[in-house]
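Take a look at the structure below.
Please treat every number below as a calculation from the coordinates, not as lab data. Keep in mind the model is a prediction, meaning the values are calculated, not measured. Quick reminder, even Gly has a Cβ in these numbers, built from the backbone with ideal geometry, and neighbours come from all protein chains shown.
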Amino acid sequence: MPKQVAPESSGPIVEVQAEGYDGFADGPMTLFDCLATVFGLVERLYKDFDQDGTGDIPFSQMLFQFKFKGLKDPGEMKRLFERHIDERHHNATIRFLEFLQLIYLWRDLVGPYDVVLSDR
């Protein structure tokens with residue numbers, strides 16, 4: 001991933017309560033720093049799932065790893081994937097941009113995913 005360079009204006013300061021999340025420090029951060037940290041965490045999680053490094057993860061493999069990390073309802077994630085992400089290709093694999101979409105939709109449609117992204 002290319003190194004991110006903060007814009008001249010570092011943006012608003014946000015208060016972060018991130019106990020238990022590797023890469024975050026509690027306290028004030030610029031919005032840019034917060035987003036860079038979040039994308040780094042999500043990218044690292046994706047790379048952990050992409051064990052062969054091809055960039056295509058079989059959804060069944062990813063689902064297994066989410067269950068290993070504590071996902072309580074794998075059926076809900078599977079329905080979300082099939083309905084909103086794999087509907088065009090039907091290849092049952094997930095790439096990084098689709099993974100971002102899954103994480104976004106998960107939070108929006110299902111609820112907190114702390115158990116998946118937390119290092120606890």
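Quote the FRET efficiency, to the nearest 0.05, computed for Gln65 versus Thr30 with a Förster distance R0 of 30 Å and r equal to the Cβ-Cβ distance.
With a Förster radius of 30 Å, E is 0.40.
What nm value, rounded to one decimal, do you get for the distance between Asp73 and Ala92 when each label is placed 7 Å out toward the C-beta?
2.3
How big, on average over all directions, is the shadow cast by the Cα convex hull of segment 50-92, in nm²?
If I average the Cα hull's projected area over directions, I get 3.1 nm².
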